[in-house]
1. When you go through (1) among the hydrophobic types (A, V, I, L, M, F, W, C); (2) crowded, with 18+ Cβ neighbours inside 10 Å; (3) at pLDDT below 90; (4) under 23 Å from Ala288 (Cα atoms) one by one for Val96, which number turns out not to apply?
2. Identify all residues within the stretch 384-414 that are on the phi < 0 side of the Ramachandran plot and in a loop (DSSP other than H, G, I, E, B); write none if there are none.
3. With respect to Ser373, determine if the residue is modelled with pLDDT under 75, of a type in the set (S, T, N, Q) and either part of a helix (DSSP H, G or I) or touching a His at 6+ places or on another chain (Cβ under 8 Å) (or both).
4. Select from the stretch 362-371 the residues that are touching a residue at least 12 places away in the same chain (Cβ under 8 Å) and within 15 Å of Val15 (Cβ to Cβ) and write down the one among them that is surrounded by the fewest Cβ atoms within 10 Å (Cβ to Cβ).
5. With respect to Val337, determine if the residue is closer than 30 Å to Phe82 by Cβ, among the hydrophobic types (A, V, I, L, M, F, W, C), crowded, with 16+ Cβ neighbours inside 10 Å and modelled with pLDDT of 90 or more.
6. Tell me whether the stretch 285-295 contains one or more residues that are surrounded by fewer than 19 Cβ atoms within 10 Å (Cβ to Cβ) and at pLDDT below 90.
7. Any idea which residue in the stretch 173-213 is modelled with the highest pLDDT, counting only those that are over 22 Å from Phe501 (Cβ atoms) and polar (S, T, N, Q)?
8. Being part of a helix (DSSP H, G or I), surrounded by 16 or more Cβ atoms within 10 Å (Cβ to Cβ) and modelled with pLDDT under 70 is the filter here; which residues of the stretch 415-454 pass it?
Amino acid sequence: MAGWTIPIVVVAAFVATPVLVVAAHMFMPAGEVWAHLAATVLPRYVANSLWLMLGVGAGTLVIGVGTAWLVTMCRFPGDRLFEWALLLPLAVPAYVIAYTYTGLLDYSGPVQSFLREFFGWASARDYWFPETRSLGGAVTMFTLTLYPYVYMLSRAAFLEQSVCVLEASRTLGCGPWKSFRSVAMPLARPAIAAGLALALMETLNDFGTVHFFAVDTFTTGIYRTWLGLNEPGVAAQLGAVLMLFILALVTLERWSRGRGRVHHTTSRYRRLPRFRLSGMRATLAVLACLAPLTCGFLLPAAVLGKWAFESAQTSADTRFWQLMANSFTLATTAAVVAVAVALMLAYGQRLNATRANAAAVRIASLGYAVPGSVIAVGTLVPLAWLDNTVDSVMRDVFGVATGLLLTGSLVALVYAYLVRFLAISLNTVEASLSKITAGMEGAARTLGHGTFSTLRRVHIPIMRGSILTAALLVFVDVMKELPATLIMRPFNFDTLAIRAFEMASDERLADAALPALTIVLVGVLPVVLLSKAIARSRPGEEP
């Protein structure tokens, strides 16, 4: 089994190369361009990123934890519906909801037009209306689409909590609110922190929303430096600074936890007691759950559907179907590659569980914590060097110019997707593989099957559901991915995400509706599957 170490380490190094390349640029000398950025726009990048993190963190924490506690521990009208419906905004990319609310709330949009007509206002000087394309607007868009990260992990943590602990708090005089604040929240803190970290990492990763709202962050700076100034080295250094933000998030959470640990003291579970709400409390609970669902999914989906229907004759043309084919091809290819690599890494580690293999697998999954724009830069830098080296050798030896073989190709783009989303498929495959007992492998060996035959005939059939889930999750994430696709896509090769971004950037929001709505509809299925998985996470609890 020791023969698995070399392929695991090689694959892990291959996947981690873009991240390591960007990290290495932190130690390279800074040029005049970097000095110019540091003196002009870098402070704005830092300030805007910090304000975004602070605002989104507060918003997702309040909405995610509050709604998770309500649907888990309280009974009120529609609570079973809200359990899964509150996850639906996860299917809506932040840049899509930004386009939608801009079309609704801009000066020429239906909301302000109605207000001017109703009150008789002649122009914008006659009234005040909050600016949608602003830092506050970006915080709102991110909060509405990212709170499900905190919600789903908080709900899973609340479902796993011991009834005995909650009942003990009640015997000590704690009401439902005090029991939630003093007992449930501290016990669920690791899960809440993990959900919050995911939401903040997605915030730092975003490009479409902040670019559309003209909020300068590191992702917009990387894009401008790479494509505008043609300075890949400086773009990589900006990416390295952004990686420091991500590292600071993880370190801060671990430090704040200190030596505190949370353990379950029993393996016996009873159905959770749910407080029945009535009257005004029930009404407030319904409104608390309905508000983020409406603003984060129902209203944007309805508006996109209306715009898509109105512009269908011009939008649903041959080019749209080509864009859909491009998106589905990329997403399917990336999903298959990511699941195959995840199977190889997880199975190899299972057969040879050494520290070196474990470390290699963990390094290979670093990409999910790194924004797509950073991975794009980290991918293009080594590929450009490799292409130039091959071209130079071929010119010197054979007198033939090969040009760019990998840079700007679909192979490079799928490679970037693999680096970015391998962790999703790897975690899903590892969780499924860990449930298969070692005795089944021993039985297969006694019947004459080797390692690959055992994987093909025993493990894969058992893991089929988890493998399909992992592929579906990667598929949907690739469909939504914008920064890496925007930077790395080949010439004349666009996707639905690119089309929606370009139409919105040209203020053609109605034309952006159909590709945006398609992305949203594709993302609904894994959200429903995820909700069902959370509902079954507590032993003894009916789904």
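The values are calculated or read from the model by the stated rules, or taken from the named source; none is laboratory data. Just so it is clear, the structure is predicted and the values come from calculations on it, not from any experiment. Positions of Cβ are generated from backbone atoms using ideal geometry, with glycine treated the same way; all protein chains shown enter the neighbour counts.
1. Unmet condition: (4).
2. Val400, Ala401, Thr402, Leu404, Leu405, Leu406, Thr407, Ser409
3. Details: modelled with pLDDT under 75: no; of a type in the set (S, T, N, Q): yes; either part of a helix (DSSP H, G or I) or touching a His at 6+ places or on another chain (Cβ under 8 Å) (or both): yes.
No; evaluated as a whole, the condition is false for this residue.
4. Pass one, the stretch 362-371, residues touching a residue at least 12 places away in the same chain (Cβ under 8 Å): 363-371.
Retained after the next criterion (residues that are within 15 Å of Val15 (Cβ to Cβ)): 363-370.
Details: Ile363: 16, Ala364: 25, Ser365: 22, Leu366: 20, Gly367: 25, Tyr368: 18, Ala369: 19, Val370: 23.
Filtering the stretch 362-371 for residues that are touching a residue at least 12 places away in the same chain (Cβ under 8 Å) and within 15 Å of Val15 (Cβ to Cβ), the one surrounded by the fewest Cβ atoms within 10 Å (Cβ to Cβ) comes out as Ile363.
5. Numbers: closer than 30 Å to Phe82 by Cβ: no; among the hydrophobic types (A, V, I, L, M, F, W, C): yes; crowded, with 16+ Cβ neighbours inside 10 Å: yes; modelled with pLDDT of 90 or more: yes.
No: the conditions fail for Val337.
6. No, the conditions are met nowhere in the stretch 285-295.
7. Checking each candidate, the answer is Ser179.
8. In the first step, residues of the stretch 415-454 are kept if they are part of a helix (DSSP H, G or I); the result is 415-433, 438-446, 451-454.
Keeping just the survivors that are surrounded by 16 or more Cβ atoms within 10 Å (Cβ to Cβ) gives 415-430, 432-433, 441, 444, 451, 454.
Passing the criteria: Glu441, Ala444.
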